[in-house]
Amino acid sequence: MSNIELSPQEKAKQRAGFKAAEYVKDGMTIGLGTGSTVAFTMARLKERIRDESLTIRGVPTSIQTLIRAGELGIPIIGLEQAEKINLTIDGADQIDPQLRLIKGRGAAHVRERILADISDRLIIVADPTKLCTELTGPVPIEIIPFALSHVQNVLIKMGGNPVLRDGVKKDGPVISDNGNIILDYHPAQKYNPMDLETAINMIPGVVCCGIFAEFSEKTTVIIGEEEGPRVISL
């Protein structure tokens, strides 16, 4: 992919995405995240498959990624076929100095969490705008439709404002690939990411929220800066 006609932010995403592709080795099974930055990684993997005869298998986190992988010629398997996932490459909406994340703008965070948990290593690709001094939300929460009113009431009592995410180019709410709906929760005050993640995930009807506070030790963050990709780990 060329930098021609890419915006500065897109160029930053490309730098991060291309760098992440270097971590993929022959014979690996990798988790493929969802989003615009991971799309650059997948484009670079297509080139490596063509030019280096790289042999890999990918486990997609969304229908969008599944379709894109098919278009690029990246071999795909289901999670049940993966004996081991060597690493997952994914994006994030916010990244704090402890490498805790907020994910879920693309409504794929449930499957992304599953792969993050299973993978030996998690590589997060992002442009510099995703770095923050502290996680501030909003926090995406995937819930089963039956539990909507209950989850909203609990979140309101916790403090803050849960907003049902509306669909784009469709009537009604966003529906995840799992058939569920998404709340974007705006906390009323500063919070401890691990504590809030645990509290939200314990609410009956919640599948999971988009705070990823427990994967920092196996996370490598790649930020696409103007002078080149910057690699961050703890």
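Quick one: which of LYS46/LYS170; LYS170/LYS190; LYS19/LYS169; LYS13/LYS46 span more than 22 angstrom between C-alpha atoms?
Details: LYS46/LYS170 32 Å; LYS170/LYS190 34 Å; LYS19/LYS169 34 Å; LYS13/LYS46 17 Å.
LYS46/LYS170; LYS170/LYS190; LYS19/LYS169, as the Cα separations exceed 22 Å there.
With n ≥ 4 as the cut-off for DSSP H runs, can you work out [θ] at 222 nm for the chain, using -39500 (n - 2.57) per run divided by the number of residues, rounded to the nearest 500? Please report the intermediate quantities before stating the final value.
Working: 6 runs with 71 residues, N = 234.
That comes out to -9500 deg cm²/dmol.
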Note down the magnitude of the dipole of the stretch 1-46 about its Cα centre, charges +1 on Lys and Arg C-beta and -1 on Asp and Glu C-beta and zero elsewhere, to the nearest 20 debye.
-> 80
May I ask for the distance between the Cα centers of the stretch 162-233 and the stretch 35-114, given as a whole number of Å?
-> 17
Does anything in the stretch 118-144 have its amide N under 19 Å from the 7 Å Cα→Cβ label point of ARG57, and if so which residues?
-> 118-121
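Taking the Cα centre of the chain as origin, sum charge times position over the Cβ atoms of Lys and Arg (+1) and Asp and Glu (-1), and report the length of that vector in debye to the nearest 20. Walk me through the numbers on the way to the answer.
Details: 26 positive and 30 negative charges, 34 e Å.
Once rounded to the nearest 20, the dipole reads 160 debye.
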Segment SER36-LYS190, length gained on full extension (0.36 nm per residue, minus Cα span) = 52.6 nm
From the residues SER7, GLN98, GLY167, which one has its Cα farthest along the dipole of the chain in the positive direction, the dipole being from +1 and -1 charges on Cβ of Lys/Arg and Asp/Glu about the Cα centre?
-> GLY167
Potential extension, SER216-LYS157 segment - 0.36 nm per residue separation minus Cα distance | 18.3 nm
For the stretch 139-209, just the Cα set please: Rg and Dmax, both in angstrom.
-> 11.8, 36
Per residue Cα convex hull volume in Å³ - calculated over the stretch 94-190 = 126
Can you give the relative contact order of the chain as a percent, counting alpha carbon pairs under 8 Å and 6+ residues apart?
-> 23
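How big is the dipole moment of the stretch 40-91 about its Cα centre under a simple scheme where the beta carbon of each Lys and Arg is +1, that of each Asp and Glu is -1, and everything else is neutral? Debye, nearest 20, please.
Working: 7 positive and 7 negative charges, 17 e Å.
Here the stretch 40-91 has a charge dipole of around 80 debye.
Give me the number: length gained by fully extending ILE232 to SER149, i.e. 0.36 nm times residue separation minus the C-alpha to C-alpha distance, one decimal in nm. Please list the in-between numbers first.
Values: separation 83, 0.36 × 83 = 29.88 nm, distance 4.01 nm.
Taking ILE232 through SER149 to full extension adds about 25.9 nm, to one decimal.
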Karplus (6.51, -1.76, 1.60) ³J(HN,Hα), θ = phi - 60°, over the stretch 102-116, in Hz, Gly and Pro reported as x | 10, 10, x, 4, x, 6, 10, 6, 5, 5, 5, 5, 4, 5, 4
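No lab work stands behind these numbers, since they all come straight from the coordinates. All values derive from a computational prediction rather than experimental measurement. Virtual Cβ from ideal backbone geometry, glycine too; neighbours counted across all protein chains shown.
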